[in-house]
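Since every read-out is calculated from the coordinates, none of them should be taken as a lab result. Keep in mind that this is a model prediction, so the values were computed, not measured. FYI the Cβ positions are ideal-geometry reconstructions off the backbone, even for glycines, and counts take in every protein chain you see.
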Amino acid sequence: MPNRPLTVLKKNNVKQQGFTLVEMLVTIAVMAIIVAIAAPSMSRQLADQRIRTTAATLDNALSTAKAESLIRKQKVKVSITGTTIQVVPLKADGSDDTANKIAEYKVNSQISPTTTITFNPYRQVTATCYNITDDNGSARQVQVDATVNISIKSAGSC
């Protein structure tokens, strides 16, 4: 029998696939820190977006009432109650014509004061200012002057 050298069996050179437990924990910890830093900023941005949306909706309701009063040649009332804005024409006797409601809008932010404003076809209205606020401290204003110009401002209060 010929002498053969002993061969040492080597382990297969298989590359490791996947992650170790330590790598996974470090990754999760880094992600948790990033989320904790970003969460307050996202909350503020969402509140600001709700405020902007409510201001735009109120501006749209006021503009609709202004246009409808000119088109119909009659008074049109915008009433704000809670989170609802209604645009309703007025009858000749001054009562609401709810059967012919023009528009109704739902909003997510608080509008104050919750009063009504009446547009007449002669482009005159009692000047009014609305504050739109959110729990997060964000605020906007929607102003209507006596000559029925509507403007949105981003700071201050009425």
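Summary of computed values
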| item | result |
| --- | --- |
| Residue selected from the stretch 84-123 under the condition touching an Asp or Glu at 6+ places or on another chain (Cβ under 7 Å) and assigned to a loop (DSSP other than H, G, I, E, B), by the criterion surrounded by the most Cβ atoms within 10 Å (Cβ to Cβ) | S109 |
| Q49 out of contact with any Ser or Thr (no Cβ under 8 Å at 6 or more places or on another chain) and outside any strand (DSSP E or B) | yes |
| Of the criteria (1) surrounded by fewer than 22 Cβ atoms within 10 Å (Cβ to Cβ); (2) outside any helix (DSSP H, G or I), which one A67 fails | (2) |
